[in-house]
1. With no solvent and one equal point scatterer per Cα, compute the Debye intensity ratio I(q)/I(0) for the chain at 0.09, 0.16 Å⁻¹ and report its log10, rounded to two decimals.
2. Using the Cα centre as the reference, give the magnitude of the dipole from point charges on the C-beta atoms of the stretch 2-69 (Lys, Arg: +1; Asp, Glu: -1; all else neutral), rounded to the nearest 20 debye.
3. Go through the stretch 168-182 residue by residue and turn each phi into a ³J(HN,Hα) via Karplus (6.51, -1.76, 1.60, θ = phi - 60°); whole Hz please, and just put x for glycine and proline.
4. Checking the table Lys40/Lys170; Lys89/Lys146; Lys89/Lys126 against a 21 Å threshold on Cα-Cα, which pairs fail?
Amino acid sequence: MVTRDSGTRLTSDEAVQAATGRSYDGWFALLDAAGMVSRKHGEIATELTDEHGVDSWWAQTITVGYERARGLRPEHGGRDGLYAISASKTVDVPVEQLFDAFIDQELLTRWLPEGGRRARTSQPAKSARFDWAGGESRVNVTFVAKGEASSTVSVEHRRLTDPDEAERMKAFWRERLSSLAS
């Protein structure tokens, strides 16, 4: 069995077993027996960390898998009814230059002509946050240097209202990041 973690990365059953000592099915049976299907996300994760000693990252992974397996959370979606997607790209430029491509308006409009964004906060060469579509959704961007002349940018678009919008925005960000890289 393979499940999605945060709608983006695949985490295999074997990886969960190796890291936690149980497979997804083993954890799901334990959570079912503890009556967790009717509990909130945080309560499920706390059960795993406090009662079973699971590392917090793995507790989140198992909890999201459990919620999806039990129909409590759709792909790319949270239990709050909102959706989030992510996309990333490695680009052969220094991290400072990649950061500038998101912050400098002239550079930004070369590869991201869409309007409706407003800068919120940023940390040079580390992160930038934007309101999108007049504040209806949010875009969080992180930057990681992969050497002096290579960097990775990761875009997370949150507070999307439905699965179709999530799929559209995932395709949009993949295409835009490819445009940025070229």
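Read-outs: derived from the displayed coordinates by stated rules, not from any lab. Because the structure is a prediction, the values reported are computed rather than measured. Note that we place each Cβ from the backbone using ideal geometry, even for glycine, and neighbour counts take in every protein chain shown.
1. Treating every Cα as an identical point scatterer, log10 I(q)/I(0) equals -0.40, -0.99.
2. With Lys and Arg at +1 and Asp and Glu at -1, about 220 debye.
3. With the stated coefficients, the stretch 168-182 comes to 4, 6, 5, 5, 4, 5, 4, 5, 5, 5, 5, 5, 4, 5, 8 Hz.
4. Numbers: Lys40/Lys170 27 Å; Lys89/Lys146 12 Å; Lys89/Lys126 15 Å.
Violating the 21 Å limit, Cα to Cα: Lys40/Lys170.
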